[in-house]
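The values are calculated or read from the model by the stated rules, or taken from the named source; none is laboratory data. The structure presented is a predicted model; accordingly, all values stated were derived computationally and were not measured. Glycine also receives a Cβ, built like all others from the backbone with ideal geometry; neighbour counts cover every protein chain displayed.
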Amino acid sequence: MIVVGLTGGIGSGKTTVANFFRNLGIPVYIADDAAKLLMNSSEKIRSAIIGVFGQEAYQGQLPNRKYIASRVFKDPEQLNLLNNIIHPAVAKDFEDWKNRQHAPYVIYEAAILFEKGGYKKCDVTILVTAPYKEKIKRLKERDQSSLEEIEARMKHQWDDEKKRELADFEIENLQREQTQRDVRNLHEIILKSGKN
């Protein structure tokens, strides 16, 4: 089965693009959602996170996301420790999920697909982009985040230029209708590539 990696900087509109693929009947795996679910449900992950960040990292059975975020977004070493707990669990979860799908291809959506080398496990990669000002506008509306908070999160991701070097395809997500057309075109290309 073909694995299509879908990525893009924060605020680029990866979810919009993922939903367009979903509407075409393609199964979509959202790595961030899976990570959140695993943090909530896996005893092994809970123990590992508490081991690194202390009891304050969980409130009962649920992760204290605000506390964890305050620790990792200011300290790359702490972020690395968290990623080393979460990423292997997500990779295994994705493999299990993929083996249950019946489709010509699946989408694996991950914000840091290139940064963490996840693209190497994909057959095709799609980069979703949007102008910087548009990303900021979307994030302010979506999360009510300050510019400072947004830029702190952006700092942990590669810029589009660097990602472009590794991407097979790019979708500029500015006009909804055009984005939908681009997704349909890519869908056809991927289906054809699977028949060769």
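Annotation: of all residues in the range 173-184 being in a helix (DSSP H, G or I) and touching a residue at least 40 places away in the same chain (Cβ under 8 Å), the one that is farthest from GLY118 (Cα to Cα) is ARG176.
Taken together, ILE50, ILE85 contain a single residue that is touching a strand residue (DSSP E or B) at 6+ places or on another chain (Cβ under 9 Å), of a type in the set (A, V, I, L, M, F, W, C) and surrounded by 13 or more Cβ atoms within 10 Å (Cβ to Cβ), which is ILE50. Of all residues in the range 129-145, none satisfies being surrounded by fewer than 13 Cβ atoms within 10 Å (Cβ to Cβ), of a type in the set (Gly, Ala, Ser), free of Cβ contacts under 8 Å to residues at least 24 places away in the same chain and not assigned by TED's automatic domain parsing to the domain that holds PRO88. For the range 1-21, residues that are out of contact with any helix residue (DSSP H, G or I) (no Cβ under 9 Å at 6 or more places or on another chain) and at positive phi total 0.
Each row is one residue, and each column tells you yes or no for (1) outside the structural domain of LEU147 (by TED's automatic domain parsing); (2) modelled with pLDDT under 95; (3) surrounded by 18 or more Cβ atoms within 10 Å (Cβ to Cβ).
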position: MET1; (1), (2), (3): no, yes, no
position: VAL4; (1), (2), (3): no, no, yes
position: GLY13; (1), (2), (3): no, yes, yes
position: PHE20; (1), (2), (3): no, no, yes
position: SER70; (1), (2), (3): yes, yes, no
position: PHE73; (1), (2), (3): yes, yes, no
position: PRO76; (1), (2), (3): yes, yes, no
position: ASP96; (1), (2), (3): yes, no, no
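The numbered conditions (1) in the same structural domain as ASP159 (by TED's automatic domain parsing); (2) among the small types (Gly, Ala, Ser); (3) more than 29 Å from GLU151 (Cα to Cα) are all true for GLY60 except (1).
Filter the range 86-125 for residues that are touching a residue at least 60 places away in the same chain (Cβ under 8 Å) and within 12 Å of the chain's Cα centre (by Cα) and give the result.
Hits for the range 86-125 are ILE107, TYR108, GLU109, ALA110, ALA111, ILE112, LEU113, PHE114, GLY118, TYR119.
For the range 88-172, the strands (runs of 3 or more DSSP E) that sit wholly inside it and include 1 or more residues that are among the aliphatic types (A, V, I, L, M) and in contact with a Phe, Trp or Tyr (Cβ under 7 Å, 6 or more places away or on another chain) are 105-109, 124-129.
Looking only at the range 22-44, filter to residues that are touching a helix residue (DSSP H, G or I) at 6+ places or on another chain (Cβ under 7 Å) and not hydrophobic (A, V, I, L, M, F, W, C); which one of those is surrounded by the most Cβ atoms within 10 Å (Cβ to Cβ)? Only one residue tops the list, namely TYR29.
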